[in-house]
Amino acid sequence: MTIKNKLCPMCRNGESLPFGQQEWQVYGDVYHLLRCQTCGSIFTVPPPEDDTLAKLYKTSFDFRWYQDHYDAKLRDGRLRIQELGAKLGKRVLDFGGGVGYFSAAARAVGLHSVTYDPWVKTNTETAETNAWDSVVALHVLEHSNNPAGLLRTMSGYLKENGNLVLAVPNASGLGYRTHGMSWVWSQPPLIHIFHFTADGLNALLAETGFEVISTSYHDRWDANYHADVLHSSRQRLLDSLWGLKPLNRFGLYRRAVATVVSVLRRRSLQRSNNAQIPEADRAELLIIARKRATK
């Protein structure tokens, strides 16, 4: 298959060509991947419709994983707050934060923070527009079928000159380069629809009214060099135990597996942080961008 002159939806500049040979059939529709030859971003085509994504998350996505791993996610939130420091300000909106571990960690250090997740029907929090010092979206943007539109939505919640904190899987990192779409944070074609590079995401932020103020790369407990690159086969086996049927029907079993695997993953993270690899090879791309003042 040859597709030329397909405009990249991130940088709006590059020609996008097929990435890999794999195609997926989901609910009767066929999807494949393209990669921008300029910014390196990868994305699913055609973009799934809203109804398709709603069906996917209703029937094929197990939200219990987040609740069972809440303690590990809360630890991650505390670490992120230490890393971000004063860039968060005093009022922090956790956008798309699901079970709310990040806002819980923020409140524990005296910040005013709520979780606003428009995709979780049981979420009763509301969020004022133009009212937040920072909007934090941790591994949210790659799930969207319209990232430019979602960035504009998040901009609407920020005060003028407020900060947007975005964490996404690093499509330029060693995980993607070594394991491709079988890497732990790849998850094509419809869980992760967009796979961002810094160049692609920077261009998209500029288009949607933001000024990038910092770019950094990190390994995290749930995706890191030691567990998911060096020992990926072993780690995939360990991770799969949580969903093992029929045992995963029992909450006690799932939570026990989550506890043990989380401990092992934290140890892997420590080894990863000590590993001598280029920072840009790490699993996560973290960008902080300031909402530009309107004239």
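The values are calculated or read from the model by the stated rules, or taken from the named source; none is laboratory data. Computed from a prediction, not measured in an experiment: that's the story for all the values here. So basically every Cβ, Gly included, is an ideal-geometry build from the backbone, and we count neighbours across all protein chains shown. With ligands, DNA and RNA removed, areas are computed over all heavy atoms of the protein, side chains included. Shrake-Rupley method; radii C 1.70, N 1.55, O 1.52, S 1.80 Å.
Taking all protein chains into account, the per residue accessible area for the chain stands at 48 Å² (1.4 Å probe).
Computed over region 129-174, the Cα gyration tensor eigenvalues convert (square root of 5λ each) into semi-axes of 22, 12, 7 Å, ordered from largest to smallest. To put it simply, the accessible area of region 108-211 at a 1.4 Å probe is 48 percent carbon and sulfur. The residue among Ala148, Leu269, Asn163 whose Cα reaches farthest toward the positive pole of the charge dipole of the chain, with charges on the beta-carbon of Lys, Arg, Asp and Glu, is Leu269. Under the combined filter of DSSP loop state and at most 13 neighbouring Cβ atoms within 10 Å, region 80-144 retains these chymotrypsin sites (Phe, Trp or Tyr not before Pro): Trp119. Solvent-free Debye calculation, one equal scatterer per alpha-carbon of the chain: log10 I(q)/I(0) at 0.08, 0.14 Å⁻¹ equals -0.34, -1.14.
What you get for the chain, charging only the Cβ of Lys and Arg (+1) and of Asp and Glu (-1), is a dipole of about 620 debye around the Cα centre.
Rounded to the nearest 500, the helix-only mean residue ellipticity at 222 nm of the chain stands at -10000 deg cm²/dmol, with each DSSP H run of n ≥ 4 adding -39,500 (n - 2.57). Pairs from the list Lys55/Lys245; Lys6/Lys90; Lys73/Lys245; Lys73/Lys159 with a Cα-Cα gap above 31 Å: Lys6/Lys90. Peptide packing for 23-32, 133-142 was compared via the average number of neighbouring C-beta atoms within 10 Å per residue; ordered from the highest value, the list is 133-142, 23-32. Based on Cα contacts under 8 Å between residues 6+ apart, the chain shows a relative contact order of 19 percent. Diffusion coefficient of region 174-295 by Stokes-Einstein, Kirkwood radius over Cα pairs, 4 °C, 1.567 mPa s: 79 µm²/s.
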